[in-house]
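Here's the structure we're looking at; comments come further down.
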Amino acid sequence: MILSVENLSHEYKQGDNKLQILKGLNLKLEDGETLSIMGKSGSGKSTLLNLLAGLMKPTSGEVNILGSSFSKLSDKKRTKLRGRNLGVIFQQFHLLPHLTALENISFAGEINDIDDVLAKAKKLLERVGLSHRADHFPHELSGGEMQRVAVARALITSPKIILADEPSGSLDEKNANEVIDLIFELVEEKKTSLVFVTHDEDLSKRCNRSLILDGGSLRES
Ligand SMILES: Nc1ncnc2c1ncn2[C@@H]1O[C@H](COP(=O)(O)OP(=O)(O)O)[C@@H](O)[C@H]1O
Ligand SMILES: [Mg+2]
């Protein structure tokens, strides 16, 4: 088992109100498994993915990556565990605006102490079909191109798990299909596990297993 979640709950505070989004959720992901998480808009998919990525702390419960529990690690160790083992792809790309396509990829490797980052970044940029855009800044790229850079960035540390949050949600149909095909090809090629958040049932079927997030917990689809 590569990732497990135990009794995970999360609430947001809105003034005096508490919004209970996740309610004692459990999840297991095996090495090499691809899992889709479906759910209506507002059901808490992005909240769950951010918790899996260790980007937020849950109100209660545990997220374990490769046997280490986020909550039991120092900030430094948590950052290292996340950086080395998880590649995250967001709907809105989240590229750094002042870095070029190539630099966005290599920087993610540098901050995680990966060797030969420039050579690896160039190879990944080529793999996602964007060698000719290496020196372009994000605002000089199309949406599909930005997301392909973000896919390459997610892979620079050779992570064990890719977490993707509606990665084609901001793209037109043609680019959406290309990016999704690319993600599934690379997951297969690199033998990583995948947690794939989507509201598209057809896309969810490309994963080994599908779960639905509803009412704050997960159920089989
Ligand atoms: N930072 C926040 N503060 C308060 N409420 C939030 C915050 N982030 C998300 N929410 C609310 O939590 C619910 C779940 O959001 P989200 O996880 O983004 O759902 P999904 O990704 O499934 O659309 C939504 O109702 C949203 O409005
Ligand atoms: Mg979302």
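Select, from 156, 180, 114, 212, the only residue that is more than 16 Å from ligand 1 (Cβ to nearest atom) and touching a Gly at 6+ places or on another chain (Cβ under 7 Å). Spell out how you get there, then give the answer.
Numbers: 180 fails: touching a Gly at 6+ places or on another chain (Cβ under 7 Å); 114 fails: touching a Gly at 6+ places or on another chain (Cβ under 7 Å); 212 fails: more than 16 Å from ligand 1 (Cβ to nearest atom).
Selected residue: 156, the only one of 156, 180, 114, 212 that is more than 16 Å from ligand 1 (Cβ to nearest atom) and touching a Gly at 6+ places or on another chain (Cβ under 7 Å).
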When both residues are 6+ apart or on different chains and their Cβ atoms are under 7 Å apart, which pairs have a first residue that lies in segment 23-47 and is among the basic types (Lys, Arg), and a second that is more than 16 Å from ligand 1 (Cβ to nearest atom)? 28/1; 28/4
Just give me the residues in segment 60-84 being in contact with a strand residue (DSSP E or B) (Cβ under 9 Å, 6 or more places away or on another chain), under 16 Å from residue 163 (Cα atoms) and open to solvent by 30 Å² or more (accessible area, probe 1.4 Å), in sequence order. 66, 82
Which of the strands (runs of 3 or more DSSP E) contained wholly in segment 60-178 include at least 3 residues that are within 16 Å of ligand 2 (Cβ to nearest atom) and under 25 Å from residue 193 (Cβ atoms)? 161-165
Kindly indicate the residue of segment 139-163 that is over 19 Å from the mean Cα position of the chain (by Cα) and of a type outside the set (Asp, Glu) and also surrounded by the most Cβ atoms within 10 Å (Cβ to Cβ) among those meeting that condition. 141
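If a residue must be outside any loop (DSSP other than H, G, I, E, B), small (Gly, Ala, Ser) and either away from ligand 1 (no atom under 16 Å from the Cβ) or open to solvent by 40 Å² or more (accessible area, probe 1.4 Å) (or both), how many such residues does segment 30-59 contain? Give the steps one after another, and end with the answer.
Keep residues of segment 30-59 that are outside any loop (DSSP other than H, G, I, E, B), which gives 34-38, 45-52.
Subsequent filtering for residues that are small (Gly, Ala, Ser) retains 36, 46.
Narrowing further to those that are either away from ligand 1 (no atom under 16 Å from the Cβ) or open to solvent by 40 Å² or more (accessible area, probe 1.4 Å) (or both): 46.
Residues flagged as outside any loop (DSSP other than H, G, I, E, B), small (Gly, Ala, Ser) and either away from ligand 1 (no atom under 16 Å from the Cβ) or open to solvent by 40 Å² or more (accessible area, probe 1.4 Å) (or both) within segment 30-59 amount to 1.
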Which residue, of 27, 22, is more than 18 Å from residue 204 (Cβ to Cβ), under 19 Å from the mean Cα position of the chain (by Cα), open to solvent by less than 90 Å² (accessible area, probe 1.4 Å) and at pLDDT 95 or above? 22
Please name all residue pairs, on different chains or six or more residues apart, with Cβ atoms under 8 Å, provided the first residue is in segment 155-177 and is farther than 15 Å from residue 54 by Cβ and of a type in the set (Asp, Glu) and the second residue is more than 12 Å from ligand 2 (Cβ to nearest atom) and in a helix (DSSP H, G or I). 172/143; 172/144
In segment 85-119, which residue that is closer than 27 Å to residue 184 by Cβ and acidic (Asp, Glu) is most open to solvent (accessible area, probe 1.4 Å)? 116
Residue hits (segment 103-148; of a type in the set (Val, Ile, Thr) and out of contact with any helix residue (DSSP H, G or I) (no Cβ under 9 Å at 6 or more places or on another chain)) are none
Filter result (without any contact (Cβ under 8 Å) to a residue 40 or more places away in the chain and β-branched (Val, Ile, Thr)) within segment 188-221: none
How many residues does segment 104-151 hold that are touching a residue at least 40 places away in the same chain (Cβ under 8 Å) and polar (S, T, N, Q)? 4
Of all residues being loosely packed, with under 13 Cβ neighbours inside 10 Å and away from ligand 2 (no atom under 16 Å from the Cβ) in segment 8-19, which is nearest to the chain's Cα centre (by Cα)? Just the residue, please. 13
Could you check, for segment 191-201, whether at least one of its residues is open to solvent by less than 60 Å² (accessible area, probe 1.4 Å), within 16 Å of ligand 1 (Cβ to nearest atom) and of a type in the set (Ser, Thr, Tyr)? yes
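The values are calculated or read from the model by the stated rules, or taken from the named source; none is laboratory data. In this text the structure is predicted, and so the values were computed from the model without any measurement. Cβ: placed from backbone, ideal geometry, glycine included. Neighbour counts: every protein chain shown. Areas reflect the complete protein model, heavy atoms only, side chains present, ligands, DNA and RNA absent. Shrake-Rupley method; radii C 1.70, N 1.55, O 1.52, S 1.80 Å.
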